[in-house]
Amino acid sequence: MTVESTAARTPRRSAGTKAGTTGAKRTTSKKATGAGKSAEPALVQLLTPEGKRVKNAEFDRYVDGITAEELRGLYRDMVLTRRFDAEATALQRQGELGLWASLLGQEAAQIGSGRALRDDDYVFPTYREHGVAWCRGVDPTNLLGMFRGVNNGGWDPNGNNFHLYTIVIGSQTLHATGYAMGITKDGADSAVIAYFGDGASSQGDVAEAFTFSAVYNAPVVFFCQNNQWAISEPTEKQSRVPLYQRAQGFGFPGVRVDGNDVLANLAVTKWALERARAGEGPTLVEAFTYRMGAHTTSDDPTRYRGDEERLAWEAKDPILRLRRFLESANHADEGFFAELESESEALGKRVREAVRAMPDPDHFAIFENVYADGHALVDEERAQFAAYQASFADADGGK
């Protein structure tokens, strides 16, 4: 089966010359384990759930040169990302965060795609891309400020070419498309990647982004992490066709990859980014994965899905899959895993201490950066808020 087709520190942009369409073969067929799903289409897979390397004529070239050290690096990325995520979930349960969106089960999709990027590529995330943020060098403690309510992001997007988290579902795909259109006009050779979930794929903003990116041949990769559930809504209640096939109607390639296979995600994303830089326009990558935890810490997934489904996907755990491969290929020993465990615990401790030490925000910061220049209405609102704050001190005898 073939694919349907027709940030440096200062962001750079890529000129496009149209090229022919690219086909990519899929390797494995799977039955979905989601609610009521029947046979699913084949998908690109390079590592089986048992950790065996399988060949793929189309995508092997993107990972054939990978070293044992780089493989250990991918494993380390996934383990530390999962440890950070688990600590954030615990902090929320302890009342230290207002909310948390876990990535549990999606580490391979995020680390594989994140490590495919160049420094000068630009990333537009949603609010769950903690692994991609890790790959872009964003301090994990900075991700928690927004969820604690002390800032609106905590990092400079242009410092790592990683945009602030986007809460409005799907809108970042339009931001990414506009940025990618600018890249074409600037004549640089970087690319853009936009992350979103299966739920966001039903939003009008995503369809609009597909339209504009196709018409203007924008160098953007749309990376959909299909984790099977848009909160409590299964994928088959959102689309009559597999999500990657939607790209066909807009005139650009779509490909489904095993979202729990870090090597396949690395290879397919490199391929899609290569197309973008060559002037061949957008690509839709559907990473077929699973959200093993709750949508957020305010959600109870036991109310809408069963243990059988979850257990079936846990058997495909992305971290265990790569560990099996590392061990079978003699690429890592017990010393490596023990050292990583110690590093993981140290990260958890650092995250806990950093969150609890976060200062309260400046009450007047909300009035900054509203407009490029000053504005009379903002000045008026600031003065009213100052008077409101002062009323508490007056009521308390000036204390």
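The values are calculated or read from the model by the stated rules, or taken from the named source; none is laboratory data. Model, not experiment: these values are computed from the prediction. Because the Cβ atoms are built from the backbone with ideal geometry, glycine has one as well, and the counts that use them run over all protein chains shown. These accessible areas exclude ligands, DNA and RNA; they are computed on the full protein's heavy atoms, side chains included. Shrake-Rupley method; radii C 1.70, N 1.55, O 1.52, S 1.80 Å.
Here are the numbers for this structure:
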read-out	value
Residue-normalised accessible area of the chain, given per residue in Å² at a 1.4 Å probe	44
Dipole of the chain, positive direction: furthest Cα of W313, G293, M181, with charges on the beta-carbon	W313
Bridge type composition, the stretch 196-309 - antiparallel percent by DSSP, nearest 5	15
Filter on K316/K349; K52/K237; K52/K270 - keep pairs with C-alpha separation over 24 Å	K316/K349; K52/K237
Label-point gap, in nm, between E381 and R303 - each point 7 angstrom along Cα→Cβ	3.3
Theoretical FRET efficiency, 1/(1+(r/R0)^6), r = Cβ-Cβ of E368 and K237, R0 51 Å, to 0.05	0.75
Positive-end residue, the chain charge dipole about Cα centroid, Cβ charges, pick of S171, V44, G204	V44
Charge context of G170, other residues only, Cβ under 10 angstrom, K/R +1, D/E -1	-2
Dipole axis of the stretch 277-363 (+1 Lys, Arg; -1 Asp, Glu on Cβ), positive-most option in L284, S344, H363	L284
Length-normalised contact order for the stretch 271-399 - Cα pairs under 8 Å, 6+ apart - percent	8
Surface accessible to a 1.4 Å probe, M292 within the full protein complex, Å²	20
Expected 222 nm ellipticity per residue - DSSP helices of 4 or more, -39500 (n - 2.57), all of the chain, to 500	-12500 deg cm²/dmol
Solvent accessible area, Å² - E233, 1.4 Å probe, full protein context	80
DSSP bridge pairs, the chain: antiparallel proportion in percent, nearest 5	20
Net dipole in debye of the chain [+1 Lys, Arg Cβ; -1 Asp, Glu Cβ; about Cα centre; nearest 20]	1300
Rounded accessible area of E96 (nearest 10 Å², 1.4 Å probe)	50
Percent RCO, i.e. relative contact order, over the stretch 49-206, from Cα pairs under 8 Å lying at least 6 residues apart	21
Sulfur and carbon atoms: percent of accessible area, the chain [1.4 Å]	51
About the Cα centre, charge dipole magnitude for the stretch 267-399 (Lys/Arg +1, Asp/Glu -1 at Cβ), debye	500
Local electrostatic count at V370 - Lys and Arg +1, Asp and Glu -1, tallied over other residues with Cβ under 14 Å	-4
Unit charges on C-beta of K, R, D, E only; dipole of the stretch 183-275, Debye	180
Sequence of K349, K237 when ordered by accessible area, the most exposed leading, probe 1.4 angstrom	K237, K349
